[in-house]
Amino acid sequence: MSPLVEVRDLVKHFPITKGIVFQRRVGAVQAVDGVSFDIEPGETLGIVGETGCGKSTTARLIMRLLEPTSGRVSFEGEDITHLKGSRLKAVRREMQMIFQDPYSSLNPRKTIGSIIGEPFAIHGLEKGEGERKRAVQELMETVGLNPEHYNRYPHEFSGGQRQRIGVARALALKPKLLIADEPVSALDVSIQAQVLNLLRDLQREFGLTVVFIAHDLSVVRHMCDRVAVMYLGKIVEIGPGDALYGFPRHPYTGALLSAVPVADPSHHGQARRLLSGDVPSPANPPSACRFHTRCPKAQELCSTREPLLEEMDSGTRAACHFPLTREEVGEIGVRSAG
């Protein structure tokens, strides 16, 4: 089976300019720098990493909400990197996005019925007011909203309900690919599980392929078949969730998993691998391996030669000259995030 989405050598650099009238380019923020991966039909791919590592930018490049600096994105075998006009609009029917903030992603001047039904009008699928209303109310019921609230406004709903509205809007056109950009990070913990379970149920019901972006590793473990770990615009490790959580090979992945809190007294006092320093600026990233300035295993080679994503005996692919051993994983107390 061919991948639904293929991403190859994707790059996005945002220019840094100086001057008010005569602006000149003095640098670039390397938000995404050479990312490659496939997404298989029906799977959920998780993308994790610290704030500013390029997760959301990658998602927006796939959606063509941003123009890539270079690289290629293919959808169902078609290169969509430079599509425009009606052909791009047609492809976007098959790809929808749930945004992080359920407050700012909904127009406060429009009713819920209008918001959820807007995709029908944009893509010329509107056949009549009555039929559109029935379709919207069915979507509302599918995501757990009361269809009788069709004429209410966003401010009349809670944060969790607003995110359900965003989910309903994304499902209106029955897309094949759904990108969820940290969909629960702005919600109360008590509501997060409800929205996550809803997304899992909808994936099974509609046969969706999902890209799930998050910084909470426990959430990603719960939701995703495969996981890609990003650091400073690059994927440092990618593989099946069980393999990556059970035996992480990249030191950065190990540090992230070591920091996951676990409510288990047997873990009390177990060492954690704390990273030194702050994340370097994406406008001036370290040479070669971008993690070497914070890596406890770094050697001279790490600052002179960039590691490639290579197959590991653990079942993942990691970009590291000196990957973690099983003994080291045990010593740093990696939490399985289960």
Among the residues of the range 94-107, is there at least one that is part of a helix (DSSP H, G or I) and in contact (Cβ under 8 Å) with a residue 40 or more places away in the chain? no
Residue hits (the range 1-32; in contact with a strand residue (DSSP E or B) (Cβ under 8 Å, 6 or more places away or on another chain) and without any contact (Cβ under 8 Å) to a residue 12 or more places away in the chain) are T17, K18, Q23, R24, R25, V26
Within 16 Å of the chain's Cα centre (by Cα), surrounded by fewer than 22 Cβ atoms within 10 Å (Cβ to Cβ) and outside any loop (DSSP other than H, G, I, E, B), is that true of D38? yes
Determine which member of the set T51, T69 is closer than 22 Å to P280 by Cβ, of a type outside the set (A, V, I, L, M) and over 12 Å from the mean Cα position of the chain (by Cα). T69
Is it the case that the range 224-243 has a residue that's closer than 30 Å to V136 by Cα, touching a residue at least 24 places away in the same chain (Cβ under 8 Å) and in contact with a strand residue (DSSP E or B) (Cβ under 9 Å, 6 or more places away or on another chain)? yes
Pairs under 7 Å by beta carbon, first residue polar (S, T, N, Q) in the range 258-285, partner modelled with pLDDT under 65, six or more apart or different chains? S258/R272; S258/R273; S258/G333; S258/V334; S258/R335; Q270/G333
Tell me which residues, restricted to the range 5-47, are among the hydrophobic types (A, V, I, L, M, F, W, C), out of contact with any Phe, Trp or Tyr (no Cβ under 9 Å at 6 or more places or on another chain) and under 14 Å from R226 (Cα atoms). F37, I39
Report the residue count in the range 41-77 for those that are polar (S, T, N, Q), part of a strand (DSSP E or B) and crowded, with 19+ Cβ neighbours inside 10 Å. 1
Being surrounded by 19 or more Cβ atoms within 10 Å (Cβ to Cβ) and farther than 17 Å from S258 by Cα is the requirement here; does M223 meet it? yes
Within the range 82-129, residues of a type in the set (V, I, T), out of contact with any Phe, Trp or Tyr (no Cβ under 7 Å at 6 or more places or on another chain) and buried (at least 16 other Cβ atoms within 10 Å of the Cβ) come out as I98, I115, I116
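The values are calculated or read from the model by the stated rules, or taken from the named source; none is laboratory data. Small disclaimer: the values here were computed from a predicted structure and weren't measured. Please note: Cβ atoms are built from the backbone with ideal geometry, for glycine as well, and neighbour counts cover all protein chains shown.
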